[in-house]
Amino acid sequence: MAETIQLEVTRYSPEHDAAPALQRFEVPYRKDWVVLDALNYIKDKLDGSLSYRWSCRMGICGSCGMMVNGEPKLTCATFLSHYAPGAVRVEPLRYFPVVRDLVIEMTDFMVKLQKVKPWIIRKDEKSIADAEYRQTPQQLDVYKQFSMCINCMLCYAACPVYGLDPLFTGPAAIALAQRYNMDSRDEGARERMDILSQHEGIWACTFVGECTKACPKNVDPAGAIQQYKLTAAKEWFKSLLVPWGAK
Amino acid sequence: MTRHEAKGATQYTPYHPRWYRTRVSTYWWLWNWYYLKFVLRELSSIFVAYFVVITLLQIHSLGRGPDAYVRFEERMRNPLMIALNAISFLFVLFHTITWFNLAPRAMVAHLGGKRVPDALIACSNYVAWLGISAVVAWFILR
Amino acid sequence: MERHKHDVLIVGGGGAGLRAAIAVCEANPKLSVAVISKVYPMRSHTVSAEGGAAGVIKPGDSLDEHAYDTISGGDWLCDQDAVETFVAEAPEELLRLEHWGCPWSREPDGHIAVRAFGGMTKMRTWFAADKTGFHMLHTLFQTSLKYEMVIRYDEWFVTKLLVDDGCVQGAVAIELMSGKIHTITATAIILCTGGCGRVFPFTTNANIKNGDGMALAYRAGAPLKDMEFVQYHPTGLPFTGILITEAARAEGGYMLNKDGYRYLQDYNLGKPQPKPVLRSMELGPRDRLSQAFVKEMEKGRTIKGPYGDVVNLDLRHLGEKLISTKLPFVRELCLKYQNIDPVKELIPVRPVVHYMMGGVHTDINGSTPLPGLYAAGEVACVSINGANRLGSNSLPELLVFGARAGRAAAEFASKHSAPSAAIFAQAVDEDRRLKKQLLEKTEGREHIATIRDEMQKAIENGAGIYRTGTSLGDAAARLRQLQQRYTNTVLDDRGLTFNTELIAAMELGFMLDVAEAIVRCALHRTESRGAHQRTDFPKRDDEKFLVHSLVHRNEDGSSRVEHLPVKITRWPPGERVYGEQTQAKDVQAGR
């Protein structure tokens, strides 16, 4: 096993540089080190000016998403051994504006998340004295997968539609909308349908399917979007054939 | 400089240093094999449309009588047409297989509280396809 | 410098901060409320909590029993009035979260399911698979998006609280994206910045847990309480410190030393049974399990791994089906981060710092002695956790005290006037200090990372699981040296845009203050209680030390420790007993 491994890391400072460029570093190679450990080594021992986001080191906070050798990955869950002995190229998440080094601007996602109304919408809310809404384990299973999203945005970095059309609502936001649509306690499907059936909503998706491949939590956003397309199409037909039945 | 208009998001005017936006190349679909496969899958619909047109022409010539049909067959025997039809057939096959394999992701069925496995939904599509093809083939070849 | 004005400013956007923000909105919709966080709220460390949240809802359980478990688990250092309020409000808050969409795990008939947890005599821990904190935080965050009047300053770092006329008046913050310094004035400020695990070298805590709020309050003149009580979680992966949830033991895992022996039976924790027994063996309280590890290490019965001594956690006998349904995250963590499959192999574990019982001194409504300053969550010390926190109490704590602090701050802000213009002079001073001491400094020989490593080593050696007067004294001296060396640091990164090294430097300054407070309080308390164990004073001393340690910062930068008596209402101090000894008698004594 080699003692060290090469890392090529994107550097960009908007105050000095016109465009991002790769910089080479040599870091110790350990079998149980992930790419994030290598970045921390660079920051602590080689160059303190390297900027990147990270927090939990265990794949649950979603901060450390970056492109590793051209694929969107959580750097805390990507072992160096997977790439050794070759060099590991670490770049900021694709299709987002680069602010500095490996840090991207993610306000676009935050706005889209809010737009799809990711909260329980009900006509009448229960009071605390009335105890819980009953929900069987089967009902929970229906939306559980979509509730696992850690907002890491790897799916956006994998989606060519988002790359070509930044107005696209995107996989994670739609999957989270679907999580609420399918929650037995929610009654807001109609409200969300109006937002999601716009052009930049579900219909911009062409089922490339890369988002699901990139997702580290098996949320299957592509599946969520296609299921929602079926639901939206059914609702549209229903509204044509049975216009008085519309809520 | 972008302005974010959603309420509840930060309502001060953000200061934007010079962000860098990488232009997405027109040849993005060559970046990796999966993107290429996707574009080919989408393009295959052109060949599906072509097959439909050919089949319609075939039926039309059938309706015009045996002479018209013989002329149709002559035109089809041309090596260029054979090559085109062979390529189209491969694309249609590709189209069908990718469609059936992706169908379970859109059609989620629940039986007795458990989710029907994806393989079962895909298989039922294949079985239906082969079944109907067998019936059609029996009619035609008899 | 840009100025912003709000009525209530909440520092920290985790479970407590978001709950407080919603509480302020509901208490008084006319107030201008802002949440400022150094990371996006869904990155807050609440997200990594796994096990569950305790709340009494099942028949056969009672608030008194939950209270007693908490108080005895805390080795009688808990303020009993606060505990009584906490156990009464916890089920309501958890239910409210369910109404907001939290996907709690259910029984087959649709009711909320509960499970056993270490230190609890009855099953009362609500859970959402094994990602309870994740689901709670995302539910809170997504619900908070509904309240459009909450202004969020995402990735802004508070460097100082502004105090004038004996009241808190606002804060100075750096906007990470641009490096600009802002002044935010507020009538009330709620600190919800979490704990300080990163002061220690092995911790489950994320990179962002640096005791920011504790240091901010301390420097502003609010006292810190019970800082010597640092909870170690007995089962963390070595090197990464990733936590293997208590639930793994609650479902029936065994802890084995190098001879494959369930060593906990040697430490007064009951006899080994094939199935888990509440409050016995592997389900004993965390501090007793961590102490057992140290004793095994001294006897040479632990395994020497590449990152230090470990023992083994054995889940193999539980079977793949149970592990996949009840502990899927445990399996995922072991495979993805240490390449171990719990279904087939033993998991190497060691005690890692997990929670800080101590923090900013608050009363039952989250208010500190500094008017206008409130605190809730792990940053605060109410105290409901006393000398040792029971698992599954900290998540409901966020909700209960986040809501109480929110309501109290809203009331304060409605009644008091807006801050004066005089504090802007203080803000300008702070701006100047930041530039001179950090950003524009070119001379200096020390690096942030080096000092941070040395601080962590010093405190683990001096103020770890077992402490002595000598080890603490050494740690104190070492920390004083490091404070000195800290003034001699120079940054590699002088940029303005997203300068994470600048943030790390400020976090290190906060951590050094917090570390000193921990050591100071530990030196002062000459007894052993809960998580604070001194080999030179091994017994609990209720006569002298049934008190909280309050550490204040003096004008000249030194510190002084005062006592605050513990509030006892219905449960006089008793022996902490586990294993076969019954607790029924003790609970009844409290009636």
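FYI, it's all coordinate maths here, none of it is from the lab. What you see is a predicted model; the values in this text were computed from it and never measured. A quick note on method: Cβ atoms are made from the backbone with ideal geometry, for glycine too, and the neighbour counts reach across all protein chains shown.
What residues from segment C:86-126 fall in the zone where the backbone N is under 15 Å from a label point 7 Å along the Cα-to-C-beta line of C:Thr569?
Residues passing the 15 Å test: C:86-91.
Could you check the spin-label model distance between B:Leu57 and A:Gln138? Points 7 Å from the Cα along Cα→Cβ, value in nm.
In this crude spin-label approximation the distance works out to 5.4 nm.
Based on the Cα coordinates of segment A:4-104, what is the per residue volume of their convex hull in Å³?
93
Where is the GNM fluctuation largest for chain A (alpha-carbon springs, 10 angstrom cutoff): A:Arg192, A:Arg94, A:Arg122?
A:Arg122
To test your reading of the geometry: what angle, between 0 and 90 degrees and rounded to tens, separates the Cα axis of helix C:469-486 from the longest principal axis of chain C?
Roughly 30 degrees between the two axes.
Helix C:423-434 against the longest principal axis of chain C: what's the angle in degrees, Cα atoms only, rounded to the nearest 10?
With both axes taken from Cα atoms, the answer is about 70 degrees.
What residue among A:Glu210, A:Glu105, A:Glu132 has the largest mean-square fluctuation in a Gaussian network model of chain A, using Cα springs under 10 Å?
Among A:Glu210, A:Glu105, A:Glu132, the largest mean-square fluctuation in the Gaussian network model of chain A belongs to A:Glu132.
Going by Cα centres, segment A:9-77 and segment C:12-50 are how many Å apart?
Taking the Cα centre of each part, segment A:9-77 and segment C:12-50 sit 29 Å apart.
B:Tyr126 to B:Leu40: FRET efficiency via 1/(1 + (r/R0)^6), r the Cβ-Cβ distance, R0 22 Å, to the nearest 0.05?
Efficiency for this residue pair is about 0.60.
Counting alpha carbon pairs within less than 8 Å and at least 6 residues apart, what relative contact order, in whole percent, applies to segment A:4-104?
35
Among B:Val92, B:Val48, B:Val39, which one moves the most in a GNM of chain B with springs linking Cα atoms closer than 10 Å?
B:Val39
Describe numerically, in nm with one decimal, the distance between label points set 7 Å from Cα along Cα→Cβ at C:Lys436 and at C:Ala421.
Reported label-point gap for C:Lys436 and C:Ala421 is 2.5 nm.
How many angstrom lie between the C-alpha centres of segment C:334-405 and segment C:249-313?
Here the two parts' Cα centres lie 22 Å apart.
On a 0 to 90° scale, report how tilted helix C:15-27 is relative to the longest principal axis of chain C, with both axes built from alpha carbons and the result rounded to the nearest 10.
Once rounded, one gets 60 degrees.
Count the net charge of all other residues whose Cβ sits under 10 Å from the Cβ of C:Leu216, scoring Lys and Arg as +1 and Asp and Glu as -1.
0
Can you give the direction-averaged projected area of the convex hull of the alpha-carbon atoms in chain C, in nm²?
Mean projected area for chain C: 25.1 nm², to one decimal.
Pop the C-beta distance of A:Glu125 and B:Arg77 into the FRET formula with R0 = 60 Å and round what comes out to the nearest 0.05.
0.25
Can you pull out the trypsin sites (Lys or Arg not before Pro) in segment A:28-91 whose DSSP state is coil and whose Cβ has at most 12 other Cβ atoms within 10 Å?
Here the trypsin sites (Lys or Arg not before Pro) that fit, given the DSSP loop and packing criteria, are A:Lys31.
Straight-line reach from C:Lys295: which lysines have a Cα under 23 Å away, not including same-chain ones fewer than 8 places off?
C:Lys258, C:Lys271, C:Lys304, C:Lys457, C:Lys539
Among the GluC sites (Glu not before Pro) in segment C:30-139, which ones are in a DSSP loop with at most 10 other Cβ atoms within 10 Å of the Cβ? Mind listing them?
none
Which net charge results for the neighbourhood of A:Ile195, defined as the other residues with beta-carbon distances under 9 angstrom from its beta-carbon, given Lys and Arg at +1 and Asp and Glu at -1?
Once positives and negatives cancel, what remains is +1.
Gain in length, C:Asp109 to C:Lys544, computed as 0.36 nm per residue apart minus the alpha-carbon separation, to one decimal in nm?
Using 0.36 nm per residue and subtracting the Cα-Cα distance, I get 151.4 nm.
How high is the relative contact order of chain B, given as a whole-number percent (alpha carbon pairs under 8 Å, six or more residues apart)?
17
Any idea how far apart B:Arg115 and B:Thr22 come out in nm if each label point goes 7 Å out from Cα toward Cβ?
3.2
Efficiency by 1/(1 + (r/R0)^6): what FRET value for B:Asn101 and C:Thr450, r their Cβ-Cβ distance, R0 = 45 Å, to the nearest 0.05?
Efficiency, from the Cβ-Cβ distance: 0.25.
Roughly how many whole Å is it from the C-alpha centroid of segment C:483-511 to that of segment B:67-142?
So the separation of the two Cα centres works out to 64 Å.
Using DSSP to call loops (not H, G, I, E or B), can you name the trypsin sites (Lys or Arg not before Pro) in segment C:10-65 whose Cβ has at most 11 other Cβ atoms within 10 angstrom?
Hits after loop and neighbour filter: C:Lys30.
Name all residues of segment A:193-228 having a backbone nitrogen under 14 Å from the label point set 7 Å from the Cα of B:Asn32 along its Cα→Cβ direction, giving them as ranges.
The answer is A:208-216.
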